[in-house]
Every structure is written in structure tokens, then in C-alpha cells.
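Okay, structure first, notes after.
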Protein chains: 2
Amino acid sequence: MEYKFSDRVQKLKPSAIREIFKYAADPSVVSLSAGNPAPEAFPVEEITEISGKVFKERPIDALQYSVTEGYSPLREQVKTYMKKNHNVGRDFDNILITSGAQQVMDLASKSLLNEGDVVICETPSFIGSLNTFRSYNARLRGVPMESDGMNMEELEVALKEEPRAKFIYTIPNFQNPSGITMSWEKRKRLYALAKKYGVLILEDNPYGDLRFYGEHIEAVKSLDEDGIVIYAGTFSKVISPGMRVGYAIAPQALLQKMIVCKQGEDVHTNIWSQIICSEFLKNYDFSSHLQKLKEIYLKKSAIATGALDKYLAPEITYNPIKGGLFLWCTLPDNIDMTDFCKQAVLRKVCVVPGNAFLTDENDPCQSFRINFSTPTDQQLLKGIQILGSLADDIIRK
Amino acid sequence: MEYKFSDRVQKLKPSAIREIFKYAADPSVVSLSAGNPAPEAFPVEEITEISGKVFKERPIDALQYSVTEGYSPLREQVKTYMKKNHNVGRDFDNILITSGAQQVMDLASKSLLNEGDVVICETPSFIGSLNTFRSYNARLRGVPMESDGMNMEELEVALKEEPRAKFIYTIPNFQNPSGITMSWEKRKRLYALAKKYGVLILEDNPYGDLRFYGEHIEAVKSLDEDGIVIYAGTFSKVISPGMRVGYAIAPQALLQKMIVCKQGEDVHTNIWSQIICSEFLKNYDFSSHLQKLKEIYLKKSAIATGALDKYLAPEITYNPIKGGLFLWCTLPDNIDMTDFCKQAVLRKVCVVPGNAFLTDENDPCQSFRINFSTPTDQQLLKGIQILGSLADDIIRK
């Protein structure tokens, strides 16, 4: 039988990164292409302890149906934490626990996007979110990134030219893939522009807690006196991604639609993992846990940048990083980026070609993404050494 | 700010059942309105054991990102089990693990439905699925239920009259809410009609394993030589609903689109719970576990029907049941059903007004749904006694 798919999925294809993962699955290949947290960053002992206790004391709570909005104690804890520590959340806001932050992108899209509506996004940006927007037949309008975040003049041009723009998608901290953090000045400007043009902001902040250098910059959502920002948070990078626990903080009227959509998608988020997150926040020292994570990633990033400096500089440059999990490397103009990435695979090291992260992957791109959280220190060093020898042969030949 | 929602969610409202749950949350109210498995049906000891072992032996497997398709061992186990025990699955089929069976309805809808497309469904039917179809702006075309399943003449009329029908949604076993099971003859007819008119079938089978009387009838999917059936299974009713683990068995070409949609929705299903289900199937006696569940529900259903016979008959009738979790009760024609349900709430017992399950909830309906799995035996008896005294006052006055 020939299936008649919906218009929205006709052109959808599996993420380019996933295609690369096929090579990366070969154990002889050094994968710098993933985005997994370091296994040593998981609080295994604590989760084991909590889980054992829950099954001893109240197993039914962890196994029975629960409510779509999420586990009440966890909702309260996140609400309090985000308000107190980050000034995120006003009286008109509420919180929804989701099956990972990815579901926030999905629920926001489902609630807001008609086919043909526009999402304004940073370019490059996280391919997973871009694909979610595409899956609702939205058109993507990219705004180029600068070293301190989106180009604000280009953003205003986009807002003027796109009357069907519904929201601006941003990852303000240690952006995936570029590693760039938006300055406080630009955050204020972004907020003012969104307000001026009556467009919402979808703020995705998976890496905000993983800053290992410099001063923390508050979320765009901390500015939100007008109810125009949907904030997406997650426990994936700070507790465990396999548990799939994220959250949205958004004005109640918006959240209400997202809750109804979630009901129809998966009823509620796995309740065991919600309880684990809640008990972890309650009974363990979250800030010293974060400190441990920062040390792990600082060390790994130093190994990566040290090797980049030694083996790839000066021909291949990278964006300076102060947190997160990724490095964005750029080749000289005369080198074919796609070919470089293919050659790298042949030499058994996998990176992600940068065009995968563009709003139109046929646009020119000289960059590739390196992840430093997943590989071991040895793999990281070896992988970048191989890239160096490739640079010797292709660039410095 | 006034939010401009997408067309698809403009009219969406929270499920009527959830509104009723607000009353049911009052501890002095006997709730016969839920659909939760009995807490004593959960294999708590086994899950505790498995979980402990996993965290001892391979914690990272249970905490790290996983693949969208689902945990490979679980996919293989379900595939083998369904093929061997139920002749479900052909060479062209594949399997996707989902975040509960609800997600199968969502992914099938997202992959197949354009706005204005038609879903043909049983009426009454499961409100959760109907709301999912509605959330993609599909139009619902109801086909009345008979004691052995959908009226097949009406189904053919619907297929003739609805050129935009994309799939037929059916719950063939112990349907929620009616409790009705489709006969084997009708399953064959349903399949033949779907094939004739080039329309897919979405078969939702959460209760098939919970038969406590009579002969098992094979799934519609067991007939599927043409690749026209999407089968939705779940561990919610046989292991735990809070874990949110379901699955789709469908032709690879269809499943491929559903996988891309799932990537954008939640990346993958909670991996800990997938491992729990896999290890449970591998290391414990699943069929004797099912036997235990059937005994629990047989006993509870006997208490319910005994009380219905004693306190509500002959004025209020119910569909005979051979499995599942629900009883569908029908009031005499001269009684206002909605008023009866409201009066019941005032007397502190909650049932679900039947019109909540109709394709158009303004259509006439004399029925209400009783759930017998969630309340304790005492609550069940007490609740039906109260309904009996209400019947005395309203019907037999």
C-alpha cells in the first residue's frame, strides 16, 4: 500500500546527526559527534539510594498514573528554585513538567504554530528543535550569530519582514552548536524587540548551569513582566537525560494549551523519574553537585581546547567557550567543509558538519561541531590529533 | 498579551473526565470514574528487584540518552512475543517503543492527518484518543457500537461518505468505555472494508491481556497481510502505567515517519522503564503474572456486577463484560443522564457521563461509565449502593 502521509511529515527526514551516529557506532571510530553528558557526571549513588527508598516506602506512587501537569512537589521545588535563584517566574506564570525539554519545543509549537507560520531562530541552532518546528510545517527564518549572540539588527529586520512570526527561538547560554552565550545587553534588546513586535520568545536553557568561567547572566525570562517568554529547563544535563524530565515555565493561559496537548501526547511524564528529581533536589546538595559537574566539564574542555590549539591552530579556529558541552570549529575559506568531515570519518573520527544546524542546510558553512563531554579524555585527545593530521594533509599540504 | 493560538488548539479543552477528577480528589467521594489499574496488580517486588540490580550492575545504561526507536532487547522481546503468541507482525512490520500507547495515537495522527482529514471511530470511544485526533484538527466520524463491535453497515456507509478518511480507530477488546469486544467475524469484515476503501486501521489494545471469561480473539493486526494496520500495545495495564511504556507495530514505511515525529517530541522513552519491562519479560513468568491480574479483576468485576444486579437492576442495565476495567451502564429513556451523574456527585459518588465518550458530546446519551479496577472492594460496593439509593429516589420514586 502507498501511504498518504500528512503534509507536515512529507519532507521530514531523520536528523543528519543521527545518520552520522551510524558511523559513530563503530567502536573503532572516535566519536566527537554526540551530545551526551559524561557518564561520570551522573549522580549514580544518590539515584540508587533514592530509588531504593521509594520502592521500599511508597512503590505505588512511582508506578501508578499521575497528573499531566507533573508531580506537585517537583513543580513547587523548581518554581521556588527558579524564582529565588534566577528571578524566573511571575504570578501569571505556571510550571509544567515535560518529557524532556524537547517536549517543551513540541508543545509550544503545537499550541502556537499554524502551517506556514514562522519561527525566528539563531543560525546555526539546535537541529532537534529546528526539526520540531519543521514538523509543524513552520518556516524557519534564521538570524546570524555573533560572538555575543544574535545580530539584533538582523533580528529586527526579520521581525519587520515576517508578519507571521509566532516566536523567536533562542538558546542563550553556551548555545548548541556554537557555544556562544548571549550578552545581557542583547537579552534586554531581544526582549524589547519581541515585545515591540508582539512576538513570543521560546528560551531553551539546557546548559545554563554548566558555566565554568565568568559571570552568570540571567535568563531572558527574568525580564518577563509581560508574559511573552516560554522558558524551557531540563534535568538532562544536570541529573540524567535517560530519565527524560524537563519543564516549561510560561504564562498560565499558554501553559493551559500546552497541558491539553501533553495529555494527548503522553498523558504525563514518567513518574518514577519525577520523584527521583524531586528527592534529589530535596535531600542532596544540588549546588555542590553542579560544582562537581563544572569541574568535570572544565577539565574536558581544557583537554579539547589544548589539543585544538596544538594540532589545529592557527588554520582552524574555534569559538572561545565558558560552559556547555560543545566547540564550534571553523575551517579556512578555501577548504571544503563537507569533504573535511567525510575525510575525518575515513580516518575514524566523527564530527558534525555545521550545515546540519542551519535553517537551510544548503547554505554555505565552514564550521563543524565537536562535543567534548561524551568521549573519554584519551578519545578526545586522539580524535583531535587525527583531525590535526588531516589538517596537515589537506590544509597545510 | 493576547495569545494567538494555533487553529488546532483553539477549541481544545481539558478532557471532561479530568474535570470530574476534581470532585474525585475529595477523599470523602467514592470515585468510580478513574481508569487506573488496581494498585495490588503492580509487580512491586519484581520491579524493586530489577531496578536494584540495574543500578548495581549497569547504572549508566538506565541514565544515559538512548535511541528513539526504543531499547533493542525490549523491541526484540515484544516482536517475538507478539508474533509467536498472537501472529502479529510481518516482515514488512517493525516496532517502535513509545511513551505509553497514547503516544502511538499521537504519532499516527501527526504522521497521517492533515487538517480536515477524517478519523472514523467507534462511538462511544476512548476520550483520550478522540482528543488526540481533535488536536490535529481531524473531523471525527462515529460508527455506532453493537454488542459485538462496530455496526459494519454503518462503517461501510462512513467509508463511502468520507473520502478524506485516513484511518479507522478501534479498541477491539473490552473497549473503553463500553466494555464491548469485537467478534472475529467483524474483525475480518473491518479488515476487508479498510482494504477495499484504502483506509488504514489504528488498533488500540490496552486490555487484550485482561480477559477473565471466554475465548481469546486474535487482533485485527493478525490479519494484516497488506500493511494497513497500526497496532498499539502497552505495559500500562499489565505492569505499570506510571512508567509510560507502550509500543507501535506497523509497516516500516509508516513507522519511519512516526520515529521522526517522536524524535521531535521527546527524543526517546524513559530508558529505565524500558529496561524494567525488558527484564521483567526476561526473568519472570509473565503468563502467571497475567493470571494473577485476571483473578484480581475477575473478583472486582464480580463485586461490581453483583452490586449492579442487586441495587440498580432492572431499571439500569449494563453491558455484559468478559474483561477489561469498565462497565457501561444505561439509564431508562425518561431519565436525564447528566442530571443523574450530577446527583451522584452530590451524594459523593463519581461516575463518568457517557456523552464524554461521543464524537459529539452534545449527542443524546443515556449511559455512564463505571470503573471497577481503581476503587477498593468496599468503595466499589458502597459507591454502587449509593447509585442504587439514587435510582430509588429518581427512577423508582
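The values are calculated or read from the model by the stated rules, or taken from the named source; none is laboratory data. A quick note: this is a predicted structure, and the numbers were derived from the prediction, not measured. Using ideal geometry, Cβ is built from the backbone for each residue, glycine included, and neighbour counts are taken over all protein chains shown.
One residue stands out among those in region A:365-397 that are among the basic types (K, R) and either farther than 13 Å from A:S31 by Cβ or surrounded by fewer than 23 Cβ atoms within 10 Å (Cβ to Cβ) (or both): the one that is modelled with the highest pLDDT, which is A:K382. State whether one or more residues within region A:282-304 are within 30 Å of A:I395 (Cα to Cα) and basic (K, R). Looking through region A:282-304, at least one residue is within 30 Å of A:I395 (Cα to Cα) and basic (K, R). Here B:G70 does not fit the description of being within 13 Å of chain A (Cβ to nearest Cβ), in contact with a Lys or Arg (Cβ under 6 Å, 6 or more places away or on another chain) and not hydroxyl-bearing (S, T, Y). Restricting B:K79, B:K83 to residues that are within 26 Å of B:V245 (Cα to Cα), away from every other protein chain (no Cβ under 14 Å) and in contact with a strand residue (DSSP E or B) (Cβ under 6 Å, 6 or more places away or on another chain) narrows the list to B:K79. When A:K310 is tested against (1) in contact with a Gly (Cβ under 8 Å, 6 or more places away or on another chain); (2) among the charged types (D, E, K, R); (3) in a helix (DSSP H, G or I); (4) crowded, with 18+ Cβ neighbours inside 10 Å, only condition (4) is not met.
Within region A:35-74, the set of residues being without any contact (Cβ under 8 Å) to a residue 12 or more places away in the chain and either assigned to a helix (DSSP H, G or I) or within 23 Å of the chain's Cα centre (by Cα) (or both) comprises A:P39, A:V44, A:E45, A:T48, A:E49, A:G52, A:F55, A:K56, A:E57, A:P59, A:I60, A:S72. Look at B:D148 and say whether it is outside the structural domain of B:Q366 (by TED's automatic domain parsing), under 21 Å from B:L107 (Cβ atoms) and among the acidic types (D, E). The answer is no for B:D148.
Conditions tested, residue by residue: (1) more than 14 Å from every other protein chain (Cβ to nearest Cβ); (2) assigned to a helix (DSSP H, G or I).
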site	(1), (2)
A:N114	no, no
A:E122	yes, no
A:V143	yes, no
A:V157	yes, yes
A:Y169	no, no
A:F174	yes, no
A:S178	yes, no
A:E185	yes, yes
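Give region B:76-94 a look and list any residue that's in contact (Cβ under 8 Å) with a residue 40 or more places away in the chain, over 21 Å from the mean Cα position of the chain (by Cα) and in a helix (DSSP H, G or I), or say none. Once the filter is applied, which keeps residues that are in contact (Cβ under 8 Å) with a residue 40 or more places away in the chain, over 21 Å from the mean Cα position of the chain (by Cα) and in a helix (DSSP H, G or I), region B:76-94 yields only B:Q77. Applying the criterion of being of a type in the set (A, V, I, L, M, F, W, C) and in contact with a strand residue (DSSP E or B) (Cβ under 6 Å, 6 or more places away or on another chain) to the residues of region A:228-256, the residue that is farthest from the other protein chains (Cβ to nearest Cβ) is A:I249. A search for C-beta distances below 6 Å between a residue of region A:259-272 that is at the interface with chain B (Cβ under 7 Å from one of its Cβ atoms) and any residue that is among the aromatic types (F, W, Y) and surrounded by fewer than 24 Cβ atoms within 10 Å (Cβ to Cβ), counting only pairs 6+ apart in sequence or on different chains, returns nothing. When A:G323 is evaluated against the numbered criteria (1) under 17 Å from A:L32 (Cβ atoms); (2) among the small types (G, A, S); (3) buried (at least 17 other Cβ atoms within 10 Å of the Cβ), which criterion, by number, is the only one it fails? Just one mismatch for A:G323, condition (1).
Yes/no per residue for (1) surrounded by fewer than 24 Cβ atoms within 10 Å (Cβ to Cβ); (2) hydroxyl-bearing (S, T, Y); (3) in a helix (DSSP H, G or I):
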site	(1), (2), (3)
A:S222	yes, yes, yes
A:I230	no, no, no
A:G242	no, no, no
A:E265	no, no, yes
